[in-house]
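Here's the structure we're looking at; comments come further down.
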Amino acid sequence: MKKKIQNNLPDKYGHFDDYGGMFVSETLIYPLKELLKAYTRLAKSVKFQQVLKRELLTFVGRPTPIYYASRISKELGSSHIYLKREDLNHTGAHKINNAMGQVLLAKEMKKTRIIAETGAGQHGVATATACAKYNIKCAIYMGEEDIQRQKINVYRMKLLGAEVIPVKSGSRTLKDALNEALRDWVTNVDNTHYIIGSVAGPHPYPMIVRDFQSIIGHESKKQMKSLFGKKADILVACVGGGSNAIGLFHPFLNDEVEIIGVEAGGYGLSSGKHAAPLNKGKPGILHGNRTYIMEDQNGQIQPTHSISAGLDYPGVGPEHSWLKDNKRVKYVSVTDKEALDAFYYLTEKEGIIPALETAHALSYAFKLAKKVKNKNILINLSGRGDKDIDTIAKLSKMDL
């Protein structure tokens, strides 16, 4: 049996032991405490939970199914591969789970404007979708580099009525978009709610996002038993900021199950061109919390690289850092090339086109399936690959 761990963190100060916290300017202390107070009240509200449950059922399309990938299971060995189909959610990824919850939370707090950051665009699309449904003004910050990589999602956000604000500073990716969104929030705290898309940022965001995403793990536990009469032996999910992963992992933390998070190895960990802080980083402070980050000897954030915009982040959620140090979750990495190979393999063998982020988890799980015997491997298929078709086509020199 895996060692029991304390899974009711963070504490009242937002700490997962040495990680997490609220490292922000004084201007943001009040809105963060206001947010925590409102969330604590609504998390216990039967009415709020009923409304959210109804919206997830009728608007988002939950529960998402678990699919048994029989063909690749047979090809890869004696183990069985299952996919939690978050790609079948409305908007095409897990991000809508958190966006719906936080927009409802913002409405209860009487906020009239929503801002968000996005890398791969899925959180931006999910936020814009929820705002369109509830007629709330929406602005999305997105790095110029990611805007070029994710043109389809940029157009979707604009169709939904959101203002997409290009970020030209720094590496022009997710890190910089988050920086600009925080600056906006400091200026407009009275009427604006900031929806962080991952389990990163200052307390209480890592807790709030985890709680809204934990529906993935709760559903999975029930479905594995009711649909297949089995328990998962191994869980696998990709990790950037880490929301899809913690959403699957958290309900299983004290179960007899191996848990694996897969970071973006880019061109390889030894190349320096990757986005794998849990593998090659060290503890530091970024975006309002203490966690594993990629920084140089002078404490400056290092540039990252990943073929997937959603994993191209120099930090990670503090709960993941805590789980790493507790050795409850094993964190590994997968290169761009390995992720691409897995992308093609799942597409061709099972007729499912995954997001490039998800392809990292798939790659590691496929390699694992060749080594282990008679195990049930559950992978969080966190998003679909429509948004990545341009990138894939350019890499393969195919004509659209």
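The values are calculated or read from the model by the stated rules, or taken from the named source; none is laboratory data. Not measured: the values here are computed from a predicted model. Virtual Cβ from ideal backbone geometry, glycine too; neighbours counted across all protein chains shown.
Some observations on this one:
- The one condition in (1) within 19 Å of Ala200 (Cα to Cα); (2) of a type in the set (A, V, I, L, M, F, W, C); (3) surrounded by fewer than 24 Cβ atoms within 10 Å (Cβ to Cβ) that Leu269 fails to fulfil: (1)
- Criterion: in contact (Cβ under 8 Å) with a residue 24 or more places away in the chain, exposed (fewer than 13 other Cβ atoms within 10 Å of the Cβ) and over 20 Å from Lys110 (Cβ atoms) - qualifying residue of Tyr13, Tyr19, Tyr30: Tyr13
- Counted as qualifying within the stretch 164-254 are the helices (runs of 4 or more DSSP H) with 3 or more residues that are within 21 Å of the chain's Cα centre (by Cα) and more than 26 Å from Lys330 (Cα to Cα), namely 174-187.
- Test result for Gly161, over 17 Å from Gln102 (Cβ atoms), modelled with pLDDT under 95 and outside any helix (DSSP H, G or I): no
- Residue under evaluation Leu83, criteria (1) in a helix (DSSP H, G or I); (2) aliphatic (A, V, I, L, M); (3) within 24 Å of Lys221 (Cβ to Cβ); (4) within 19 Å of the chain's Cα centre (by Cα), criterion not met: (1)
- For the stretch 44-84, the tally of residues that are among the β-branched types (Val, Ile, Thr) and either surrounded by fewer than 18 Cβ atoms within 10 Å (Cβ to Cβ) or free of Cβ contacts under 8 Å to residues at least 60 places away in the same chain (or both) stands at 4.
- Subset of the stretch 14-30 that is at pLDDT below 95 and of a type outside the set (Val, Ile, Thr) - its residue that is nearest to the chain's Cα centre (by Cα): Leu28
- Within the stretch 342-400, being in a helix (DSSP H, G or I) and acidic (Asp, Glu) holds for Glu348, Glu350, Glu357, Asp386, Asp388, Asp390.
- The single residue among Gly266, Gly242 that is over 25 Å from Ser220 (Cβ atoms) and either touching a residue at least 60 places away in the same chain (Cβ under 8 Å) or out of contact with any Pro (no Cβ under 7 Å at 6 or more places or on another chain) (or both) turns out to be Gly266.
- Residue count for the stretch 233-256 under the criterion of being more than 16 Å from Ala361 (Cα to Cα) and either crowded, with 24+ Cβ neighbours inside 10 Å or touching a helix residue (DSSP H, G or I) at 6+ places or on another chain (Cβ under 9 Å) (or both): the result is 5.
- The selection criterion, being among the hydroxyl-bearing types (Ser, Thr, Tyr), at pLDDT below 95 and assigned by TED's automatic domain parsing to the domain that holds Lys221, does not hold for Thr358.
- Residues of the stretch 255-279 classified as in a loop (DSSP other than H, G, I, E, B) and more than 15 Å from Glu338 (Cβ to Cβ), total: 4
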